[in-house]
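Computed from the coordinates by the stated procedures, all read-outs in this text should not be read as laboratory data. Please read all numbers here as calculations on a predicted model, not as lab measurements. Here the Cβ positions follow ideal geometry from the backbone for every residue, glycine too, while neighbour counts run over all protein chains shown.
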Amino acid sequence: MSLSLLPVDDRVSVSGQLDPSDMKEVAAAGFTAVVNNRPDGEAFFGQPKTADLKAAAEAAGLQFLDLPFSGPRATPDQVRALADLLASGDGRVVAFCKSGMRSALLWGAASLANGRSIEEVLQGARLAGQELSGIAELMTGLAQAARR
């Protein structure tokens with residue numbers, strides 16, 4: 001596989017920017033859903049439009065969830081949406097943004113909302129090259145708000 005999909009647990013991987021042309025390869029690798037955490041227009045050039053990503057994902061048989069946010073500003077609703085997706089089935093999920101950091105943050109908060117420990121979340125993120133210990137409190141707060 002030429003894509004850099006980094007696992008954070010046995011079902012979820014994070015990635016930097018995906019392109020519409022990547023979606024068939026994502027599906028062939030056994031993933032069933034793609035989560036976009038990058039807002040349209042974040043880059044002046046080279047960033048695919050969400051509509052194109054969604055169309056390519058769906059054409060490849062993938063579920064597409066659009067949960068874009070900037071910086072660490074995920075919302076409890078976005079955390080709940082990902083937590084619900086993760087709790088609803090056993091298919092593999094890849095979440096992407098520019099570098100994978102936002103996707104790891106959202107996965108971490110969703111995992112906490114679904115009952116994982118902060119230690120499990122931080123270890124999973126480290127396996128994918130993402131250090132989230134500095135935002136553990138933020139993820140915990142998002143998880144708590146998402147459970148309400």
- Message: Compute the angle between helix 101-113 and the longest alpha-carbon principal axis of the chain, please, reported from 0 to 90 degrees and rounded to the nearest 10.
- Response: 50 degrees
- How large is the convex hull of the Cα atoms of the chain per residue, expressed in Å³ as a whole number? 99 Å³
- Query: What share of the DSSP beta bridges in the chain is antiparallel, in percent to the nearest 5?
  - Reply: 15 percent
- With +1 on each Lys and Arg Cβ and -1 on each Asp and Glu Cβ, how big is the dipole of the chain about its Cα centre, in debye rounded to the nearest 20? 220 debye
- Note on the structure: Once normalised by the length of the stretch 6-147, the mean sequence separation of its alpha carbon contacts under 8 Å that are 6 or more apart gives a contact order in percent of 33 percent
- Query: Taking the alpha-carbon centroid of each part, what is the distance from the stretch 93-134 to the stretch 1-61 in angstrom?
  - Reply: 17 Å
- Quick note, the stretch 50-112: a/c under 1.5 would make it rounded; otherwise a/b > b/c is prolate and the rest oblate (a ≥ b ≥ c, C-alpha gyration tensor); here it is oblate
- Order of Met139, Met101 - criterion: other Cβ atoms within 10 Å of each residue's Cβ, fewest first: Met101, Met139
- Query: How much length is gained if the chain between Arg147 and Phe44 is pulled fully straight, taking 0.36 nm per residue apart and subtracting their Cα-Cα distance, in nm to one decimal?
  - Reply: 33.5 nm
